[in-house]
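One structure below.
The values are calculated or read from the model by the stated rules, or taken from the named source; none is laboratory data. Note that the structure is a prediction, hence the values are computed from the model and not measured. Counting neighbours? That spans all protein chains shown, and the Cβs are built from the backbone with ideal geometry, glycine included.
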Amino acid sequence: MKRVARPVFFVVALLIAALVITTFTGVYSQYGDRTDTHIKGVGDIRFGIDIRGGVEATFGPADKNMDATDKQMEAIKDVIAQRLILNGVTDYELYTDLANDQVIVRYPWASHETEFDAASAIQELGQTARLEFHIGSETKDKTDDKGEVIKDENGNTTKVPSGKLVLTGDDVQSAEAQSYQDDKGQIVYVVSLELKESGRKAFADATKQQNGKGTISIWLDDQMISNPNVNAHITDGKAVIEGGFETMADAADLANLITSGALPFDIEVTNSGSISPTMGETALEAMVIAGIIAFALIAVYMIIRYRLPGVVAVIALAGQVAGALACISGYFTFFEGLTLTIPGIAGIILSIGMGVDANTITAERIKEEIRAGRTIDGAVDRGTKASFSAIFDGNVTVIIVAIVLMGVFGSSTSLWAKLLSWALYFFPVATTGSVYSFGFTLLVGIIWNFIMGVWLSRMMLKSLCRFKALRKPFLLGGERV
Amino acid sequence: MKKNFDFVGFRKISLIISLSLFALCIVLSLVMGVEMDISFKGGTLAKYSYTGTLEEGAVTDFIESKLGKDDVIVDLTTSGGKTIISISKTDVLSPEDQEALTEALKAQYPNNKIVAEQVNAVQPSMGRSFFAKCLLAVGLAALFLILYVAYRFRKIGGFSAGLMAVFALVNDLAFAYLAFIIFQIPLNDNFVAVMLTILGYSLNDTIVIFDRIRENRAKMSKEPIHDVVNLSLNQSLGRAISTSLSTIVAMTCVAVVAAVMNLDSIISFAIPMLFGLVSGSYTSLFLCPPVWSLWMEKKAKKGNK
């Protein structure tokens, strides 16, 4: 039997302690005002919207018979991404389900958010935002492709501009919200536009034509938002939309919509969900308490029943949990962290229960060998060898389940979904990410179990057995002499 | 000398318990009704928190006047320390309609601080596809697991072991399903997560025992399978108790804390999981190996004819 040196136990235990501590605290350095994060701690864990509160929505084409091209879906995704960023949301999940022409977006409320109005946020994200400038403001009834007037269920028709089209949103280079004081001393909010090369001539011609004689109407998604009189011939490609914006925020919203661009076609919301932050906070607290109690109870049981191997098991378990949390928080920089949801936390707690199994099987085996009369070294040696196959097979089954969970409930771009795509392609992508989190934490827990509960546990146990004071059969499960 | 428990002798009783379990599942499903959560059947579920007191009848009438009388259900409940108006509707409310509803409620009850806590709307067609996908996931996982078991235990008749394991798994899933029915928890994606986890856990348990059977079989190739299985089970008893205790304690902590703090979403996950864990431990000891030994004995008899 390969002898493991005495100090090994302390080295390993210290390394595990270091991992546990740094996982919880992270490693930061402070230069005056600035805090640099070298290693992320649990405080950096990104929590899912079921904990933090947030918004999720699935968009699909409004015209259900339409078959959108992949390029169009990607364009929609990009526009929505732009809109999120312009609204200050950087922590979002956004992916397309090309097989089903869906775009799925999910983001948490910003920590400074006070108005949790998910419905209007979703509406804003899904707005087509088709900007058009027309000569004059005459309208006609909207007709379909065949030229027939479209009437809705109440017999009403939609009015669309009948004047010549001058500019569209594509001709706009940039849009910005601004304010100025008018002659009455009132503050007026406007959106000022700068047009691209392509649009300047058209706009110059239109303003020349309408100068002093008429208006140029501005439309957003079949709604007229402004109809100013033209009193100058504008050649520098700068235009201003003065549309009765009540606040700077209103003007900024429109400016953002124009900047992010129009969607290629109308989309509608097929699924939506929103959660306010407070509902999630209590849940998080509860789970953390549950986890701590569970760990404590299991630790006490293990030490009482298995004595020395029990102590090793508890250290290994602590290491396993820390390792799993580290993977979740993004401690290991090559590994992107996980968005942790409530089922994800349940996965961590469950993997504690399952993880302890590796140590239990080994401890039971050693106990058997001791009671069969073997020497300490013999018992430990045979016990660890004999138990490996059972632990391996058991852990692999949980890994298989975790992979299936991640593939089925994750986004279409995840590694596991691609692996299972031959089976899953008929089906729409899951719109809630909470179960994916569960699969991930299970997987990560079991992998760390192999490292901590199997490899390092064995090293620690064998090392401890080198100490004369600890070489008592009783401590390894033998009868009390 | 430890007394050996005759697990294998228990097998007829185990089988009877199994069949009663399946029967119970079917009966209770019909009697108590299976409810599917909106993630599978589609529809809208909106939860608004409020302060002060509200009268359920008046609130219901108001909401019905806004949303139409058909298929709208309004409940006043408590959850997570707050008083909640819970509104469910079978079809989807668009964000515009959601906003209108929120504004209307706020206008009608200005003193009750109505806040939209949680709103979920799912298209029924998407819900159905999602349900199908979940069933597929369970099927896939089961398939992979059987293949893995068949391969690893080929020396002791892997395929029969795989099938027996599946039989045990179906028992466990049925028992967890029973939890959903008895506690009237709507089936949602947590249901699928629970099912898959129990698949993994129960199989884990079963494999550890079959590993011991495999080892003993190699050592005791002349002995009747009946004795080999019994011995293996008795040897594994200590570990089985420890691990079951650990996982059950872990989940119980979650369930108890969730129950105390009135967190429905966690309870709907933890209690069925507990049922499944208990069942998993039971089937790995009392059902799967003993029934497997019965199969092997029958096979051996056929072989000797």
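Listed values, structure above:
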{"quantity": "Residue among A:213, A:201, A:196, A:184 that alone is touching a residue at least 40 places away in the same chain (Cβ under 8 Å) and among the charged types (D, E, K, R)", "calculated": "A:196"}
{"quantity": "Failed item in (1) in a helix (DSSP H, G or I); (2) of a type outside the set (Phe, Trp, Tyr); (3) surrounded by fewer than 17 Cβ atoms within 10 Å (Cβ to Cβ); (4) more than 12 Å from chain A (Cβ to nearest Cβ), with residue B:184 passing the rest", "calculated": "(1)"}
{"quantity": "Failed condition for residue A:286, given (1) more than 8 Å from every other protein chain (Cβ to nearest Cβ); (2) within 22 Å of residue B:272 (Cα to Cα)", "calculated": "(1)"}
{"quantity": "Selection count where residues are facing chain A (nearest Cβ under 10 Å) and touching a residue at least 24 places away in the same chain (Cβ under 8 Å), scope the range B:132-161", "calculated": "9"}
{"quantity": "Criterion: surrounded by fewer than 23 Cβ atoms within 10 Å (Cβ to Cβ) and either under 15 Å from residue B:277 (Cβ atoms) or in contact with a Gly (Cβ under 7 Å, 6 or more places away or on another chain) (or both) - qualifying residue of B:178, B:199", "calculated": "B:178"}
{"quantity": "Any hit, the range A:334-346, residues being assigned to a helix (DSSP H, G or I), at the interface with chain B (Cβ under 10 Å from one of its Cβ atoms), in contact with a Ser or Thr (Cβ under 6 Å, 6 or more places away or on another chain) and not basic (Lys, Arg)", "calculated": "yes"}
{"quantity": "Condition check for residue A:172: in contact (Cβ under 8 Å) with a residue 12 or more places away in the chain, on the phi < 0 side of the Ramachandran plot and either out of contact with any strand residue (DSSP E or B) (no Cβ under 8 Å at 6 or more places or on another chain) or buried (at least 19 other Cβ atoms within 10 Å of the Cβ) (or both)", "calculated": "yes"}
{"quantity": "Matching helices (runs of 4 or more DSSP H) fully within the range B:190-305 where at least 3 residues are within 10 Å of another protein chain (Cβ to nearest Cβ) and in contact with an Asp or Glu (Cβ under 8 Å, 6 or more places away or on another chain)", "calculated": "B:225-260"}
{"quantity": "Condition met for residue B:102 (farther than 14 Å from residue B:49 by Cα, without any contact (Cβ under 8 Å) to a residue 60 or more places away in the chain and of a type in the set (Ser, Thr, Tyr))", "calculated": "no"}
{"quantity": "Test: residue B:108 is surrounded by fewer than 19 Cβ atoms within 10 Å (Cβ to Cβ), touching an Asp or Glu at 6+ places or on another chain (Cβ under 9 Å) and away from chain A (no Cβ under 12 Å)", "calculated": "no"}
{"quantity": "Filter result (in contact with a strand residue (DSSP E or B) (Cβ under 8 Å, 6 or more places away or on another chain) and acidic (Asp, Glu)) within the range B:240-299", "calculated": "B:264"}
{"quantity": "Qualifying position, being more than 13 Å from every other protein chain (Cβ to nearest Cβ) and within 25 Å of residue A:60 (Cβ to Cβ), among B:18, B:88", "calculated": "B:88"}
{"quantity": "Which numbered condition residue B:172 fails, given (1) surrounded by fewer than 20 Cβ atoms within 10 Å (Cβ to Cβ); (2) acidic (Asp, Glu); (3) in a helix (DSSP H, G or I)", "calculated": "(1)"}
{"quantity": "Residues (more than 7 Å from every other protein chain (Cβ to nearest Cβ) and assigned to a helix (DSSP H, G or I)) located in the range A:268-283", "calculated": "A:277, A:278, A:280, A:281"}
{"quantity": "Residue count for the range A:360-396, restricted to those that are touching a helix residue (DSSP H, G or I) at 6+ places or on another chain (Cβ under 6 Å), charged (D, E, K, R) and more than 10 Å from chain B (Cβ to nearest Cβ)", "calculated": "2"}
{"quantity": "In the range A:289-304, residue farthest from residue B:249 (Cα to Cα) [restricted to those that are free of Cβ contacts under 8 Å to residues at least 12 places away in the same chain and facing chain B (nearest Cβ under 8 Å)]", "calculated": "A:289"}
{"quantity": "Subset of the range B:143-160 [in contact with a helix residue (DSSP H, G or I) (Cβ under 6 Å, 6 or more places away or on another chain) and in a helix (DSSP H, G or I)]", "calculated": "B:144, B:145, B:146, B:149, B:150, B:152, B:156, B:158, B:159, B:160"}
{"quantity": "Selected residue (criterion: nearest to residue A:270 (Cα to Cα)) from residues of the range B:23-48 that are touching a Ser or Thr at 6+ places or on another chain (Cβ under 9 Å) and β-branched (Val, Ile, Thr)", "calculated": "B:44"}
{"quantity": "Residue A:242, sole failed condition from (1) under 30 Å from residue A:51 (Cα atoms); (2) touching a Pro at 6+ places or on another chain (Cβ under 8 Å)", "calculated": "(1)"}
{"quantity": "Pick from the range B:111-122, criterion of a type outside the set (Val, Ile, Thr) and more than 9 Å from chain A (Cβ to nearest Cβ), ranking: surrounded by the fewest Cβ atoms within 10 Å (Cβ to Cβ)", "calculated": "B:111"}
{"quantity": "Residues of the range B:41-81 that turn out to be in a strand (DSSP E or B) and surrounded by 11 or more Cβ atoms within 10 Å (Cβ to Cβ), as a count", "calculated": "15"}
{"quantity": "Lone unmet requirement of (1) surrounded by 19 or more Cβ atoms within 10 Å (Cβ to Cβ); (2) part of a helix (DSSP H, G or I); (3) touching a residue at least 40 places away in the same chain (Cβ under 8 Å) for residue B:125", "calculated": "(1)"}
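Residues are listed down the side, and each one gets a yes or a no for (1) touching an Asp or Glu at 6+ places or on another chain (Cβ under 6 Å); (2) modelled with pLDDT under 80; (3) of a type in the set (Val, Ile, Thr):
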{"residue": "A:178", "(1), (2), (3)": "no, no, no"}
{"residue": "A:181", "(1), (2), (3)": "no, no, no"}
{"residue": "A:210", "(1), (2), (3)": "no, no, no"}
{"residue": "A:213", "(1), (2), (3)": "no, no, no"}
{"residue": "A:216", "(1), (2), (3)": "no, no, yes"}
{"residue": "A:221", "(1), (2), (3)": "no, yes, no"}
